[in-house]
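A short worksheet on the structure shown next.
The values are calculated or read from the model by the stated rules, or taken from the named source; none is laboratory data. Just so it is clear, the model here is predicted, and its values are computed rather than measured. All Cβ positions, glycine included, derive from the backbone under ideal geometry; neighbour counts span all protein chains shown.
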Amino acid sequence: MSTHGLRPDPEPEVLARATGETGGDLVLRRVGADFEIYSNGVALMDTRDGASERRMVRAALDALPGEPAGARVLIGGLGMGFSAREALDDARVGHVRVIELEPLVIAWHSGPLADVAGDLPADPRCELTRGDIVTWLRDAADHASTGGEQVGYDVICLDTDNGPDWTVVEGNGRLYEPAALGRLERLLRPGGVVAFWSAMRAPTFAALLGQRFGGVDTIEVPARRGEPDVVYLARRSAD
């Protein structure tokens with residue numbers, strides 16, 4: 001087939017490269033109008049779609065009982081900011097807190113990525129916190145268990161790494177273990193919803209999540225290629 005007249009794919013432009021918090025090579029690239037983030041040569045995220053991340057947030061908010069107002073949303077993983085922006089644009093949401101391991105990713109949202117998600121650092125309803133989500137959840141849950149002040153969240157959305165069965169960052173697998181699920185349950189308000197994003201089906205994790213919360217909903221979102229992205233939803237009892 002002739003390729004006469006077809007434009008070649010644009011060459012990637014490296015905008016930033018540094019050693020990440022996990023010791024790997026963290027790279028921000030621009031390819032035409034899109035941005036990509038790589039860790040040790042593995043593609044973590046890009047700006048070409050974001051449909052499943054947005055769907056995760058909408059589905060979690062829609063699963064809340066009644067007619068919520070001023071909902072508090074916790075998001076694990078900033079990425080390109082699609083999840084945070086979807087939450088902030090929803091009239092039911094009053095505050096969004098994002099836990100992100102890489103300070104560079106947070107900084108890029110005040111620089112090259114500022115327009116991607118509507119300048120998140122400038123939004124007073126958005127709190128960007130640098131930290132390891134696994135450690136942060138442990139500390140927050142322990143604080144609540146010992147009688148410390150705990151606000152609680154209506155929705156917790158975890159878009160960390162590539163999901164339960166494909167983790168790039170060592171240690172992220174702990175997020176999908178029974179102990180972490182127990183902490184998530186303690187941090188949810190009664191009737192609250194937790195959502196997990198995954199780049200592939202993870203039936204073993206879905207079964208574990210369902211056992212902990214008494215049920216799980218599975219939402220599949222078509223991806224540009226390959227398997228669909230998957231969102232797993234579970235609810236804390238409203239007692």
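Inspect all residues belonging to the range 91-102 and state whether any of them is on the phi < 0 side of the Ramachandran plot, in contact with a Pro (Cβ under 6 Å, 6 or more places away or on another chain) and touching a residue at least 24 places away in the same chain (Cβ under 8 Å). Yes: the range 91-102 contains one or more residues that are on the phi < 0 side of the Ramachandran plot, in contact with a Pro (Cβ under 6 Å, 6 or more places away or on another chain) and touching a residue at least 24 places away in the same chain (Cβ under 8 Å).
Residue-level analysis places Leu26 among those that are within 24 Å of Val134 (Cβ to Cβ) and either surrounded by fewer than 22 Cβ atoms within 10 Å (Cβ to Cβ) or touching a Cys at 6+ places or on another chain (Cβ under 6 Å) (or both). Across the range 98-115, the qualifying residues are those that are within 16 Å of the chain's Cα centre (by Cα) and closer than 12 Å to Gly81 by Cα, and the one among them that is surrounded by the fewest Cβ atoms within 10 Å (Cβ to Cβ) is Ile106.
Taken over the range 48-63, the criterion of being of a type in the set (D, E, K, R) and either touching a residue at least 60 places away in the same chain (Cβ under 8 Å) or in contact with a Pro (Cβ under 6 Å, 6 or more places away or on another chain) (or both) is satisfied by Arg48, Asp49, Glu53, Arg55.
Output yes when any residue across the range 119-134 is hydrophobic (A, V, I, L, M, F, W, C) and closer than 17 Å to Leu61 by Cβ, and no when none is. Yes: the range 119-134 contains one or more residues that are hydrophobic (A, V, I, L, M, F, W, C) and closer than 17 Å to Leu61 by Cβ. Here Thr129 meets the list (1) within 16 Å of the chain's Cα centre (by Cα); (2) surrounded by fewer than 16 Cβ atoms within 10 Å (Cβ to Cβ); (3) modelled with pLDDT under 90; (4) of a type outside the set (Gly, Ala, Ser) almost entirely, failing just condition (3).
The residues in the range 56-81 that are closer than 20 Å to Ile219 by Cα and surrounded by fewer than 23 Cβ atoms within 10 Å (Cβ to Cβ) can be counted, and the count is 7.
Listed by position, the strands (runs of 3 or more DSSP E) inside the range 32-141 whose residues that are among the small types (Gly, Ala, Ser) and touching a strand residue (DSSP E or B) at 6+ places or on another chain (Cβ under 7 Å) number at least 2 are 71-76.
Of all residues in the range 161-180 being crowded, with 20+ Cβ neighbours inside 10 Å and at pLDDT 80 or above, which is farthest from Leu78 (Cα to Cα)? Checked the range 161-180; the qualifying residue farthest from Leu78 (Cα to Cα) is Tyr176. Count of the range 197-227 residues, restricted to those that are in contact with a strand residue (DSSP E or B) (Cβ under 7 Å, 6 or more places away or on another chain) and in contact (Cβ under 8 Å) with a residue 60 or more places away in the chain, is 5. Being among the small types (Gly, Ala, Ser), surrounded by fewer than 15 Cβ atoms within 10 Å (Cβ to Cβ) and closer than 27 Å to Ala238 by Cα: is that true of Ala122 here? Against the criterion (among the small types (Gly, Ala, Ser), surrounded by fewer than 15 Cβ atoms within 10 Å (Cβ to Cβ) and closer than 27 Å to Ala238 by Cα), Ala122 does not qualify. Among the residues of the range 142-159, those that are in a loop (DSSP other than H, G, I, E, B), of a type outside the set (A, V, I, L, M, F, W, C) and at pLDDT below 80 comprise Thr146, Gly147, Gly148, Glu149, Gln150. Report yes if some residue within the range 185-201 is surrounded by 18 or more Cβ atoms within 10 Å (Cβ to Cβ), at pLDDT 90 or above, part of a helix (DSSP H, G or I) and aliphatic (A, V, I, L, M); otherwise report no. Among the residues of the range 185-201, at least one is surrounded by 18 or more Cβ atoms within 10 Å (Cβ to Cβ), at pLDDT 90 or above, part of a helix (DSSP H, G or I) and aliphatic (A, V, I, L, M), which makes the answer yes.
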